[in-house]
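Taking it in order: structure first as C-alpha cells, then the write-up.
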C-alpha cells in the first residue's frame, strides 16, 4: 500500500474548539502519523503521514473538524513521507 504525506492549513473558527484534540484522536484511530498545532494567525496546521486512503480521510476530516469548529477553507499539499512519529499535538 502506498504511503503519502499531506500538509494542511485550516482556516475558520478552528482554535479553542477542540480541533487539535479531535484531530489527534481521529488520526490515532486511523494509525496516521504526524502532528497538529495552532498558528498565531488563527489557523490550524497539520501534517498527516500514512497509507493514502487514511491520509485522504484525515484531509476530509479537516473539512469539518470538531463539532464546535466552523471550517472556512482547507489548503493541502502532498508530498513524500518524511518519517513522522505517532500523531501528536504540538504546542
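Nothing in this text is a laboratory measurement; each read-out follows from the coordinates by a stated rule. Model, not experiment: these values are computed from the prediction. Every residue, glycine among them, receives a Cβ derived from its backbone with ideal geometry; neighbour counts consider all protein chains shown.
In the range 31-42, what residues are surrounded by fewer than 20 Cβ atoms within 10 Å (Cβ to Cβ) and either touching a strand residue (DSSP E or B) at 6+ places or on another chain (Cβ under 7 Å) or closer than 18 Å to residue 67 by Cβ (or both)?
Filtering the range 31-42 down to residues surrounded by fewer than 20 Cβ atoms within 10 Å (Cβ to Cβ) leaves 31, 37-42.
31, 37, 38, 39, listed by residue number.
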Given the conditions (1) touching a strand residue (DSSP E or B) at 6+ places or on another chain (Cβ under 7 Å); (2) part of a helix (DSSP H, G or I), report the number of the one that residue 26 does not fulfil. (1)
Expected single match for closer than 14 Å to residue 3 by Cβ and surrounded by fewer than 19 Cβ atoms within 10 Å (Cβ to Cβ) among 45, 82, 72 is 82
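Results for (1) free of Cβ contacts under 8 Å to residues at least 60 places away in the same chain; (2) outside any loop (DSSP other than H, G, I, E, B); (3) touching a helix residue (DSSP H, G or I) at 6+ places or on another chain (Cβ under 6 Å), shown as yes or no for each residue.
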position: 1; (1), (2), (3): yes, no, no
position: 17; (1), (2), (3): yes, no, no
position: 22; (1), (2), (3): yes, yes, no
position: 35; (1), (2), (3): yes, yes, no
position: 45; (1), (2), (3): yes, yes, no
position: 50; (1), (2), (3): yes, yes, no
position: 66; (1), (2), (3): yes, no, yes
